[in-house]
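Trainee: Can you keep this structure in mind? I'll have questions shortly.
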Amino acid sequence: MNPLLLAVALLKLDIDSGTVTTRQWPDAGESVAIGSLAKPFIAIAYAEGHAYRYPRLKCNPKACWLPRGHGEVGIEEAIAQSCNVYFNALRKQIPLDLLQSTARRYGFDDVDRSPPEALLRAYVELQRRAAEPGVAPILTGLRRAASHGTARLLAHDALAKTGTAPCSHTPKSPGDGFAIVLHPAVAPKTALIVRLHGRPGSHAAREAAKSLP
Ligand SMILES: [Zn+2]
């Protein structure tokens, strides 16, 4: 198959009805590596084991994707900037069974791999649980990701998260960018996940904007 035809994969969901309105994703039922898209669920699992309090941590530029580092971050900015150091530190403090039970509660079996539709529905579920302890700061982080963080190329007021995961295509690229978007930010109506072959997640966010009103 012509790889150009597969450059953009997209799933779009009407949140109120739960119906998939656009399914432009070959093998949508197959699990893919989800990379940083797992971070909100790592946060929730951590919170459950730590009285729903998130730490402030100093990013180590040598261990993060951003060469200059993220400075000291709390949960909101860690989500918005997708700080690897922050979430690696949280993850080390979560027992595996808690991580798995949290993932299952949100509808996927493995916090590192998921079919795209299940992952998208997990984000919708997270937003529905806004009033539960520990969830609001994560949603704030997702909104900041869209306003000035890793998903800013979306250029819409939305809840968003980007990620880059190992490419599953032939020919192989260094990585595929992902973006998940819930739009608008308040009482979202549309959920969407985009995968962009061979480009970073920030570009996937720009691609996602084309499917928003
Ligand atoms: Zn960082």
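The values are calculated or read from the model by the stated rules, or taken from the named source; none is laboratory data. Keep in mind the model is a prediction, meaning the values are calculated, not measured. Reconstructed Cβ throughout: ideal geometry from the backbone, glycine too, with neighbour counts over all protein chains shown.
Trainee: Among the residues of the range 11-44, write down those that are assigned to a loop (DSSP other than H, G, I, E, B) and either farther than 20 Å from ILE94 by Cα or without any contact (Cβ under 8 Å) to a residue 40 or more places away in the chain (or both).
Mentor: Correct list: ILE15, ASP16, SER17, GLY18, TRP25, PRO26, ASP27, ALA28, GLY29, GLU30, SER31.
Trainee: Here's something else I'd like to know. Let me confirm something: among ALA89, ALA80, which residue is more than 16 Å from the chain's Cα centre (by Cα), within 16 Å of the ligand (Cβ to nearest atom) and among the small types (Gly, Ala, Ser)? Outline the logic, then answer.
Mentor: On the way: ALA80 fails: more than 16 Å from the chain's Cα centre (by Cα).
Exactly one of ALA89, ALA80 is more than 16 Å from the chain's Cα centre (by Cα), within 16 Å of the ligand (Cβ to nearest atom) and among the small types (Gly, Ala, Ser), namely ALA89.
Trainee: Then there is this: Out of curiosity, is SER114 farther than 22 Å from THR140 by Cβ, under 13 Å from the mean Cα position of the chain (by Cα) and away from the ligand (no atom under 16 Å from the Cβ)?
Mentor: Numbers: farther than 22 Å from THR140 by Cβ: yes; under 13 Å from the mean Cα position of the chain (by Cα): yes; away from the ligand (no atom under 16 Å from the Cβ): yes.
Answer is yes for this residue.
Trainee: Take ARG143 and tell me if it is in contact with an Asp or Glu (Cβ under 8 Å, 6 or more places away or on another chain), modelled with pLDDT of 95 or more, charged (D, E, K, R) and buried (at least 20 other Cβ atoms within 10 Å of the Cβ).
Mentor: Working: in contact with an Asp or Glu (Cβ under 8 Å, 6 or more places away or on another chain): yes; modelled with pLDDT of 95 or more: yes; charged (D, E, K, R): yes; buried (at least 20 other Cβ atoms within 10 Å of the Cβ): yes.
Yes: the conditions hold for ARG143.
Trainee: So, LEU212, is that one in a helix (DSSP H, G or I), hydrophobic (A, V, I, L, M, F, W, C) and out of contact with any Lys or Arg (no Cβ under 9 Å at 6 or more places or on another chain) or not? Walk me through how you get there before you give the answer.
Mentor: Numbers: in a helix (DSSP H, G or I): no; hydrophobic (A, V, I, L, M, F, W, C): yes; out of contact with any Lys or Arg (no Cβ under 9 Å at 6 or more places or on another chain): yes.
For LEU212, the condition - in a helix (DSSP H, G or I), hydrophobic (A, V, I, L, M, F, W, C) and out of contact with any Lys or Arg (no Cβ under 9 Å at 6 or more places or on another chain) - is not met.
Trainee: Specify which of the listed residues (ALA103, ALA131, ALA146) is free of Cβ contacts under 8 Å to residues at least 24 places away in the same chain, more than 16 Å from the ligand (Cβ to nearest atom) and of a type in the set (A, V, I, L, M, F, W, C). Steps first, please.
Mentor: Values: ALA103 fails: free of Cβ contacts under 8 Å to residues at least 24 places away in the same chain; ALA146 fails: free of Cβ contacts under 8 Å to residues at least 24 places away in the same chain.
Among ALA103, ALA131, ALA146, only ALA131 is free of Cβ contacts under 8 Å to residues at least 24 places away in the same chain, more than 16 Å from the ligand (Cβ to nearest atom) and of a type in the set (A, V, I, L, M, F, W, C).
Trainee: Cβ-Cβ below 6 Å, separation at least six or inter-chain, first residue in the range 64-85 and within 19 Å of TYR54 (Cα to Cα) and touching a residue at least 12 places away in the same chain (Cβ under 8 Å), second among the acidic types (Asp, Glu) and near the ligand (Cβ under 7 Å from one of its atoms): which pairs?
Mentor: Final answer for the pair search is none.
Trainee: On the given criteria, is ALA47 assigned to a helix (DSSP H, G or I) and surrounded by 22 or more Cβ atoms within 10 Å (Cβ to Cβ)? Even if it seems obvious, please write down each step before you answer.
Mentor: Working: assigned to a helix (DSSP H, G or I): yes; surrounded by 22 or more Cβ atoms within 10 Å (Cβ to Cβ): yes.
When the stated conditions are applied, ALA47 passes them.
Trainee: Could you check ARG91 against (1) at pLDDT 95 or above; (2) surrounded by fewer than 14 Cβ atoms within 10 Å (Cβ to Cβ) and say which number it fails?
Mentor: (2)
Trainee: State all residues of the range 18-70 that are more than 16 Å from the ligand (Cβ to nearest atom), hydroxyl-bearing (Ser, Thr, Tyr) and closer than 21 Å to VAL194 by Cβ; if no residue qualifies, say none.
Mentor: Scanning the range 18-70 gives THR19, THR21, THR22, SER31.
Trainee: Another question, then. Of the residues ALA185, ALA179, ALA118, which is of a type in the set (Gly, Ala, Ser), surrounded by fewer than 24 Cβ atoms within 10 Å (Cβ to Cβ) and outside any helix (DSSP H, G or I)?
Mentor: Selected residue: ALA185, the only one of ALA185, ALA179, ALA118 that is of a type in the set (Gly, Ala, Ser), surrounded by fewer than 24 Cβ atoms within 10 Å (Cβ to Cβ) and outside any helix (DSSP H, G or I).
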